[in-house]
Structures are given as structure tokens and as C-alpha cells.
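S.K.: Could you have a look at this structure, given as C-alpha cells, before my questions?
Just so you know, all these numbers are worked out from the coordinates, no wet-lab data involved. These figures come from a predicted structure and were not determined experimentally. Methodologically, a virtual Cβ is constructed for each residue, glycine included, from the backbone with ideal geometry; neighbour enumeration extends over all protein chains shown.
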Amino acid sequence: MITIYTDGAAIGNPGAGGYGIVMTFEKFRKEISKGYKHTTNNRMELLAVIVALETLKNDNSLATVYSDSKYVIDAINKKWVFGWLKKGFVGKKNEDLWRRFLNINKKHSVTYTWVKGHAGNPENERCDVLATSAAKNKNQSELLVDEFYEKENDKTISKIVSKI
């Protein structure tokens, strides 16, 4: 069984963001993090889960994902995301990531568990450090662009400006 902890962060929300992942299997441990120039906390929380699952080398891997994101865990465990899919994600944010999640999730056997954030869980705390450090990266050239979010944000700004 692979154990995965994930966390996402956004400074300003929206603002610079990042995700952190800690994956363990027997004696092996892997930590992953990336930072983005402009995004949201929810996008980073979800992206962390996606990247972790995409990192698994074998299909049909058995894993448990721990996240402090109610947004992510409830959407999956309460099966909201499947209803959103049936309705074409109308009125829902982060469609691109939810579709990406659904594609990778079906390749594995995963249990999703919510953990309280900032409550002393060492792996959750480590993910928080990874995510916030990635978001606060002083070297702007190392921060990635969340292209879907930027494009959607530009559309929203254009709509607002056109009404003025």
C-alpha cells in the first residue's frame, strides 16, 4: 500500500501557489513540490492529488491519499465530482483539473481520507512546508504558469471591463 499526503497553498488566494506531496511505500519516500505564479488554493490542493497519482509507476496501484482539503476529499468521497461530470461541470470551477483527476483516478484503487490541517500530523505538516515554500519561491523564473487558470481569469477580467 502506497501512502500519499498532499497539500496546496496560495499566497493571497488567488496569488502565487504551490503544492507539496509526500509519498511512502515500505522503506521508500518521495517528496514533490512545484510553485505557480498565479493560481488558487483549491487548484493546488487538487493538483497535488493528481500529480501524486500520476507519479505512480504501475496501473492498479493500491494507495491511500490524505489531504486536509475538504473541497477535494468531499467532492470525491461524496461523489459530487461524478454529478458535476454528468452535468458537464456547468457552473463548477477547476473543470480542467477535475477531468484530469477522473482520468488518473480510474487507473488506481485509491482511498481518500481527510486529515485536519495544522494539527501536528508530521506528513501533513511537511506537505504544508513544501507547498508554501514552492509558492514563496523568490526565483520567479522557476514558478510555472497555471495556463488554464490564467486564461479563465483573463476572460473574467475582460467581461468585467466590457461592462464598465
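S.K.: Suppose we take every Cα in the stretch 1-88 and form the convex hull; what volume per residue is that in Å³?
M.R.: Per-residue hull volume (Cα only) is 109 Å³.
S.K.: Among Leu97, Gly83, Ala48, whose Cα sits farthest toward the positive end of the charge dipole of the chain (+1 at Cβ of Lys/Arg, -1 at Cβ of Asp/Glu, about the Cα centre)?
M.R.: Positive-end residue among those listed: Gly83.
S.K.: How high is the FRET efficiency from Asn103 to His38, r the C-beta distance, R0 30 Å, rounded to 0.05?
M.R.: 0.75
S.K.: For the chain, give the magnitude of the charge dipole about the Cα centre (Cβ charges: +1 Lys/Arg, -1 Asp/Glu; no others), in debye to the nearest 20.
M.R.: With only Lys, Arg, Asp and Glu charged at Cβ, the dipole is about 500 debye.
S.K.: Which of Thr55, Thr39 has the fewest other C-beta atoms within 10 Å, and how do the rest follow up to the most?
M.R.: Least to most surrounded, the residues fall as Thr55, Thr39.
S.K.: Now for a separate question. Looking at the chain, what % of its DSSP beta bridges pair antiparallel, to the nearest 5?
M.R.: 60 percent
S.K.: Describe numerically, in nm with one decimal, the distance between label points set 7 Å from Cα along Cα→Cβ at Lys86 and at Thr3.
M.R.: 3.6 nm
S.K.: Taking 8 Å as the Cα distance limit and 6 or more residues as the minimum spacing, I'd like the relative contact order of the stretch 7-143 as a percentage.
M.R.: Once divided by the residue count of the stretch 7-143, the mean separation gives 39 percent.
S.K.: If you don't mind, there's one more thing I want to ask. Whole-Hz Karplus ³J(HN,Hα) for the stretch 140-150, in order, using 6.51 cos²θ - 1.76 cosθ + 1.60 and θ = phi - 60°, x for Gly and Pro?
M.R.: 4, 5, 8, 7, 7, 9, 7, 4, 4, 4, 4
S.K.: In which sequence would Ser141, Ser133, Ser69 go, from the one with the fewest C-beta neighbours within 10 Å to the one with the most?
M.R.: Placing the least packed residue first, the sequence is Ser141, Ser133, Ser69.
S.K.: Tell me which lysines have Cα within less than 18 Å of Lys107's Cα, excluding those fewer than 8 residues away on the same chain?
M.R.: Lys107 reaches Lys57, Lys79.
S.K.: Could you work out the local net charge near Ile104, counting Lys and Arg as +1, Asp and Glu as -1, over the other residues with Cβ closer than 14 Å to its Cβ?
M.R.: Net local charge, Ile104 excluded: +2.
S.K.: Let me have the 222 nm mean residue ellipticity of the chain computed from DSSP H runs of 4+ only, each contributing -39500 (n - 2.57), with the sum over all residues rounded to the nearest 500.
M.R.: Computed ellipticity for the chain at 222 nm equals -13500 deg cm²/dmol.
S.K.: Just tell me which aspartates and glutamates come within less than 17 Å, Cα to Cα, of Lys151; anything on the same chain fewer than 8 places away is out.
M.R.: Cα-Cα hits under 17 Å: Glu95, Asp96.
S.K.: Take Lys30 and Glu150, extend 7 Å from each Cα along the Cα→Cβ direction, and tell me the distance between the two endpoints in nm.
M.R.: 2.7 nm
S.K.: Would you work out which of Asn153, Pro14, Val129 lies farthest towards the positive end of the dipole of the chain, given +1 charges on the beta-carbon of Lys and Arg and -1 on that of Asp and Glu, about the Cα centre?
M.R.: Asn153
S.K.: In addition: Which whole-number value in Å³ per residue fits the convex hull of the alpha carbons of the chain?
M.R.: Per residue, the Cα convex hull of the chain comes to 126 Å³.
S.K.: What is the set of long-range amide H partners of Ile11 at a cut-off below 5 Å, with H atoms built 1.01 Å from backbone N?
M.R.: Here the answer is Ala16, Gly17, since their amide H atoms fall under 5 Å of that of Ile11.
S.K.: Which entries in Lys30/Lys87; Lys34/Lys92; Lys87/Lys138 show an alpha-carbon gap greater than 31 Å?
M.R.: Lys30/Lys87; Lys87/Lys138
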